[in-house]
């Protein structure tokens, strides 16, 4: 299988070449398909079969396969796709009151436009930083990278975010998850240690008081015994 990335309209040729280790195969039939649809116009050269495609929009994207059937069956698959976005399924952790920056990148390709979405239940809501400048800042420079800055984080900001890159041949998305923690979370281990220390100090203090009372009581009994002897 081979992935072929395309971001704009182009002409492309896909070719299947029979490897030398299959040179013993003499009689076979070659079929090209796009999905389940058979493509009939095939260019043939020696031990090679190809198709020429004119990709004008995303309707021509998808999976193309060539299959050689004979004594053995050999297949090759080509996946034509728009550029993928770096940052898919990335988890980001931050704290209430802080600022979080979500980043998506298109390596080697420049999108026509970027759009950020936040998920509200099953609904995707486009983030308009010009209308909510006190909450969101979107940086689109350089053009193949986009940054979404979210300030004054609250629990309501917790959830999934999508970045969408628009190319001439279609759109590609990346998903990021933002986890907002309470400020008490990083303090919990420290508070647990402090609590243990307080308990230990209290036990020692109570033990000291008990020991002193016991010693004092023992001394009083000793003095009482001495008085009786007199």
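We did not get these values from a lab; they are worked out from the coordinates using the rules stated. Just so it is clear, the model here is predicted, and its values are computed rather than measured. In this analysis, Cβ positions are derived from the backbone assuming ideal geometry, glycine residues included, and neighbour counts consider all displayed protein chains.
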- line: Taking N as the number of residues in segment 90-181, the ratio of its alpha carbon radius of gyration to 2.2 N^0.38 Å works out to 1.06
- prompt: In nm, what is the difference between 0.36 nm times the number of residues separating residue 54 and residue 18 and their Cα-Cα distance?
  reply: 10.5 nm
message: Only counting other Cβ atoms within 10 Å, I'd like 122, 107 sorted with the fewest neighbours first.
response: 122, 107
Residues 42, 127 arranged by fewest to most Cβ contacts within 10 Å: 42, 127
- request: Could you line up 161, 210 from fewest to most neighbouring Cβ atoms inside 10 Å?
  value: 210, 161
message: Below 8 Å, C-alpha to C-alpha, sequence gap of six or more: please give me the relative contact order for segment 90-181 in percent.
response: 41
